[in-house]
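Novice: Handing you a structure now.
The values are calculated or read from the model by the stated rules, or taken from the named source; none is laboratory data. On a predicted model such as this, the values are computed, not experimentally measured, just so you know. Here the Cβ is made from the backbone with ideal geometry for all residues, glycine too, and neighbour counts use every protein chain on show. Protein only, heavy atoms only, side chains kept; ligands, DNA and RNA dropped before computing areas. Shrake-Rupley method; radii C 1.70, N 1.55, O 1.52, S 1.80 Å.
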Amino acid sequence: GAVVSQHPSRVICKSGTSVKIECRSLDFQATTMFWYRQFPKQSLMLMATSNEGSKATYEQGVEKDKFLINHASLTLSTLTVTSAHPEDSSFYICSARVPTSYEQYFGPGTRLTVT
Amino acid sequence: QKEVEQNSGPLSVPEGAIASLNCTYSDRGSQSFFWYRQYSGKSPELIMSIYSNGDKEDGRFTAQLNKASQYVSLLIRDSQPSDSATYLCAVTSVIKAAGNKLTFGGGTRVLVKP
């Protein structure tokens, strides 16, 4: 299957600071990437759809000014959590859609802890 | 009514037996169906995709799709302790406005006991 990487895998930051998470498709070009958040023992929650060269589409209830998404190339999307607070602590996972199909492959995830 | 429904489990299966997981979906416009495996603390891993009615086999996994009944299932043959995980059913609509995003079920937790 296709390979998607994420960096960093873990990050601890202080409340009020910003954190950037990178998502890369390593062996294919992804015009569409997705960002999810998952709290312990809960289902994946889609935060936004990221399209290369255009603005991201955010799901209802997700603050676009807090979770900044940039999809500047066909292999890279970034999620920046601005002014992070302890309630933003979660497991953030990206996925990338293979252009020729509807299959989505997930990155390994980033565990964010805000102290 | 949830868009994609799964029994949360846990589904307890003896080692070597067949694990049978079920998923129903409400959107008749759904065209693509996927099964993901997620180990605790890890991200989901795509294990099967199915697009047309019938069975699709890949190794020990068989996916079954019945669009008329809006039902998709996953069989795991010769279950191993390493198959213990949460299995997520996901569905994509072809409606362009939906942006090809996946709608996930809540997942079924499978426990394979030696």
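Novice: Which percent of the accessible area of the stretch A:70-112 is formed by carbon and sulfur heavy atoms (probe 1.4 angstrom)? Please report the intermediate quantities before stating the final value.
Specialist: Values: 810 of 1430 Å².
Heavy-atom surface of the stretch A:70-112 belonging to carbon and sulfur, 1.4 Å probe: 57 percent.
Novice: Right, here's the next one. Solvent-accessible area per residue for the protein assembly as shown at a 1.4 Å probe radius, Å²?
Specialist: On the way: 11230 Å² over 229 residues.
About 49 Å² of surface per residue is accessible.
Novice: A further question follows. Sorting check: for B:86-93, A:48-55, B:20-27, which peptide has the highest mean count of neighbouring beta carbons within 10 Å, and how do the rest follow? Before the final figure, lay out each step's value.
Specialist: On the way: B:86-93: 24.4, A:48-55: 16.6, B:20-27: 18.5.
Order by mean packing, descending: B:86-93, B:20-27, A:48-55.
Novice: Of the listed pairs B:K42/B:K67; A:K41/B:K56; A:K41/B:K113; A:K14/A:K55; B:K56/B:K101, which have alpha-carbon separations greater than 26 Å here? It would help to have the intermediate numbers written out before the result.
Specialist: On the way: B:K42/B:K67 31 Å; A:K41/B:K56 30 Å; A:K41/B:K113 21 Å; A:K14/A:K55 28 Å; B:K56/B:K101 23 Å.
Beyond 26 Å: B:K42/B:K67; A:K41/B:K56; A:K14/A:K55.
Novice: Also, quick follow-up: At a probe radius of 1.4 Å, figure out the B/A buried accessible area, summed over both chains, and give it in Å² to the nearest 100. Could you put the intermediate results ahead of the total?
Specialist: Numbers: alone 6290 and 6420 Å², together 11230 Å².
In total, this chain pair buries about 1500 Å².
Novice: I've got another one for you. Figure the gain on full extension for A:T113 and A:K55 (residue separation times 0.36 nm, minus the Cα-Cα span) and round it to one decimal in nm.
Specialist: Values: separation 58, 0.36 × 58 = 20.88 nm, distance 2.70 nm.
Additional length available on full extension: 18.2 nm.
Novice: For B:G41, what charge total do you get from the other residues with a beta carbon under 12 Å from its beta carbon, if Lys and Arg give +1 and Asp and Glu give -1? Provide the component values of the computation, followed by the final result.
Specialist: Numbers: positive: A:R10, A:K41, A:R111, B:K42; negative: none.
Around B:G41, the charge tally is +4.
Novice: Order the peptides A:71-80, A:29-38 from the highest to the lowest mean number of other Cβ atoms within 10 Å of their residues.
Specialist: Details: A:71-80: 18.4, A:29-38: 21.9.
Sorting A:71-80, A:29-38 by mean packing, highest first, produces A:29-38, A:71-80.
Novice: So, one more: Whole angstrom only: what separates the Cα centroid of the stretch A:85-115 from the Cα centroid of the stretch B:32-60?
Specialist: One Cα centre to the other: 18 Å.
Novice: While we're here: In whole Hz and in residue order, list the ³J(HN,Hα) couplings for the stretch A:43-50 that follow from phi through the Karplus curve 6.51 cos²θ - 1.76 cosθ + 1.60, θ = phi - 60°; x for Gly and Pro.
Specialist: Couplings: 6, 5, 10, 5, 9, 6, 10, 10 Hz.
Novice: Place a +1 charge on the Cβ of each Lys and Arg in chain B and a -1 charge on the Cβ of each Asp and Glu, then give the dipole magnitude about the Cα centre in debye, rounded to the nearest 20. All intermediate terms of the calculation are to be shown ahead of the outcome.
Specialist: Values: 12 positive and 10 negative charges, 53 e Å.
It comes to approximately 260 debye.
Novice: Whole number please: convex hull volume per residue, Cα atoms of chain B, in Å³. Don't jump to the answer; show the numbers that get you there.
Specialist: Numbers: hull volume 11.2 nm³, N = 114.
Given the Cα convex hull of chain B, per-residue volume reads 98 Å³.
Novice: Beyond 28 Å, what share of the Cα-Cα pairs of the protein assembly as shown remains, rounded to the nearest whole percent?
Specialist: Numbers: 8086 of 26106 pairs.
Value for the protein assembly as shown: 31 percent of Cα pairs lie more than 28 Å apart.
Novice: Per-residue mean of other chain beta-carbon atoms within 10 angstrom of the beta-carbon, peptide A:99-106?
Specialist: Details: counts 0, 0, 5, 14, 6, 11, 5, 7.
What the average comes to for A:99-106 is 6.
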